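Presented below is the structure to which this report refers.
The values are calculated or read from the model by the stated rules, or taken from the named source; none is laboratory data. Source: prediction; values computed, not measured. Virtual Cβ from ideal backbone geometry, glycine too; neighbours counted across all protein chains shown. Just the protein is used for accessible areas: all its heavy atoms, side chains included, with ligands, DNA and RNA removed. Shrake-Rupley method; radii C 1.70, N 1.55, O 1.52, S 1.80 Å.
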Amino acid sequence: MPSISVLLPCYNAAETLAECLDSLAAQTHPDFEIIAVDDGSSDATAEILEASARSDARIRVLLQSHGGIIQALNHGFDACRGDYIARMDADDRAHPERLAKQAAFLNEHPQVALASCLVRAFPPENVRGGFRVYLEWLNSLVRPEDIRREIFIESPLPHPSVMIRREWLARCGGYRERGWPEDYDLWLRMAQAGAAFAKVPEVLLEWRERPERLTRVDGRYSLENFLRLKAHFLARGPLQGRSEVLVWGAGMMGRRLSKHLLREGAPLHAFVDIDPKKIGRTRRGRPVIAPQDLPAAWSALENPVLLASVGARGARALIRTRLAEMGFIEGQDWWGVA
């Protein structure tokens, strides 16, 4: 039985698939299988997979009619035999020691449910400013406490970079369709169940950036669906048992988040903002107060919680400093949400 199963869903990936498979064939770890699921491709993907399987016994090919990424992932997971499940996308490239180093990390850290790694985007001419900022943030989160602290900012784990303990994936029920990002949904379910996440602090995956990437074209990955997902898990996690919710940010991000919080039944109490044009007014029928008024408002409440939701670059660091000066504890009194 292989110790690692590489779970590789493929859909119309003929242009990049050979490069991906070559990077897996070059792995230094000797004991793994590749479970490649062709999701009803209309190009030569199935033919490439079957030809590769004939020359490499580690590759097992599953064919299905086109059902989408979630169906392909669960179909593949059912066939995986390894104790560790390594995700890979058909347009990415793995460093030769990726599987070896992630497996060694999980072996050495039994308390960690999932090991990711640092990632590098390619080709460089396709990597634009906003994605560069996201990559910098991703690669800054390595330790379990860092990842958990910022888990409601954005998905902190690139899906094709992770290696998951099989029992954790099974315990959480695999992937599910909720109309929002399937990977982020899984990370939040795992975190809610007590899972710890970490990263090997080395670049072990090259992540291809291209306009037709699923996260660019599928509606599940829209900002609105990300906020809907975050509100769902906030209501079932940090907001549980809280008497009042305050949102720092009365701009676009805070307003959109608050809409979904209210739909989840969160006890929205007030907004906090630095803009004098907003202070003293209302958002969604709740008052907007200045940061200097927050401590007094906070002390009058029974069991409040604050969510910092400001989209401007650099704002979160300033808010973190301001809240620390006021004595607020991140992960206890407040969480960042973007």
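Could you sort THR282, THR16 by accessible area so the largest value comes first, with the probe set to 1.4 Å? Walk me through the intermediate numbers first.
Numbers: THR282 85, THR16 10 Å².
Of THR282, THR16, the descending order of accessible area is THR282, THR16.
Computed over the Cα atoms of the range 1-44, pair by distinct pair, the Kirkwood hydrodynamic radius stands at 11.4 angstrom. Fully extending the segment from PHE131 to GLU202, taken as 0.36 nm per residue of separation minus the present Cα-Cα distance, adds 23.6 nm. Here the range 277-303 and the range 123-161 have alpha carbon centers that stand 32 Å from each other. Based on C-alpha pairs under 8 angstrom that are at least 6 apart in sequence, the range 1-145 has a relative contact order of 31 percent. Projecting the Cα positions of LEU239, ALA290, SER309 onto the charge dipole of the range 223-338 (unit charges on Cβ atoms of Lys, Arg, Asp and Glu, taken about the Cα centre) puts SER309 furthest along the positive direction.
The value of relative contact order for the chain, using C-alpha pairs under 8 Å at least six residues apart, is 15 percent. The coefficient of translational diffusion for the range 39-142, derived via Stokes-Einstein from the alpha carbon Kirkwood radius under 4 °C and 1.567 mPa s, stands at 78 µm²/s.
Where a ≥ b ≥ c are the square roots of the eigenvalues of the C-alpha gyration tensor, would you call the range 104-197 rounded, which needs a/c under 1.5, or, failing that, prolate if a/b is larger than b/c, or oblate? Walk me through the intermediate numbers first.
Working: a/c = 1.85, a/b = 1.43, b/c = 1.29.
Taking the square roots of the gyration eigenvalues as a ≥ b ≥ c, the range 104-197 is prolate.
Of the residues ALA121, ASN139, HIS66, the one whose Cα sits farthest towards the positive end of the charge dipole of the range 57-160 is HIS66 (charges of +1 on Lys and Arg Cβ, -1 on Asp and Glu Cβ, taken about the Cα centre).
From the Cα gyration tensor of the chain, with a ≥ b ≥ c the square roots of its eigenvalues, which class applies: rounded if a/c is under 1.5, or else prolate if a/b is larger than b/c, or else oblate? Spell out each step's value before the answer.
On the way: a/c = 2.27, a/b = 2.08, b/c = 1.09.
It comes out prolate by the Cα gyration axes.
The shape of the range 181-338 comes out prolate: with a ≥ b ≥ c from the C-alpha gyration tensor, a/c is at least 1.5 and a/b beats b/c. As a rough guide to protection, the peptides 200-210, 92-102 ranked by mean Cβ packing within 10 Å, highest first, stand as 92-102, 200-210.
Peptides 186-197, 213-224: what's the order by average Cβ count within 10 Å, highest mean first?
Details: 186-197: 18.7, 213-224: 13.3.
Per-residue mean Cβ counts within 10 Å order the peptides as 186-197, 213-224.
Hey, can you rank 309-320, 127-138 by average C-beta count inside 10 Å, highest first? Please report the intermediate quantities before stating the final value.
Details: 309-320: 16.3, 127-138: 13.1.
Per-residue Cβ counts within 10 Å, averaged per peptide and sorted highest first, yield 309-320, 127-138.
The long axis of helix 182-192 is offset from the longest Cα principal axis of the chain by roughly 60 degrees.
Per the helix-only calculation at 222 nm, which mean residue ellipticity applies to the chain, given -39500 (n - 2.57) for every DSSP H run of n ≥ 4 and division by its residues, nearest 500 deg cm²/dmol?
On the way: 13 runs with 123 residues, N = 338.
Only helices count here, giving -10500 deg cm²/dmol.
The angle between the Cα long axis of helix 69-79 and the main principal axis of the chain comes to about 50°, on a 0 to 90 degree scale. Label zone (LEU223, point 7 Å along Cα-to-C-beta; backbone nitrogen cut-off 16 Å) within the range 155-188: 155.
Counting only Cβ charges, +1 for Lys and Arg and -1 for Asp and Glu, the dipole size of the range 1-98 around its Cα centre is about 280 debye.
Relative contact order for the range 204-285: 26 percent, from Cα pairs under 8 Å spaced at least 6 residues apart, divided by residue count. Among beta bridges from DSSP that stay inside the chain, the antiparallel ones total about 20%. Against the main long axis of the alpha-carbon atoms of the chain, helix 98-108 sits at an angle near 60°.
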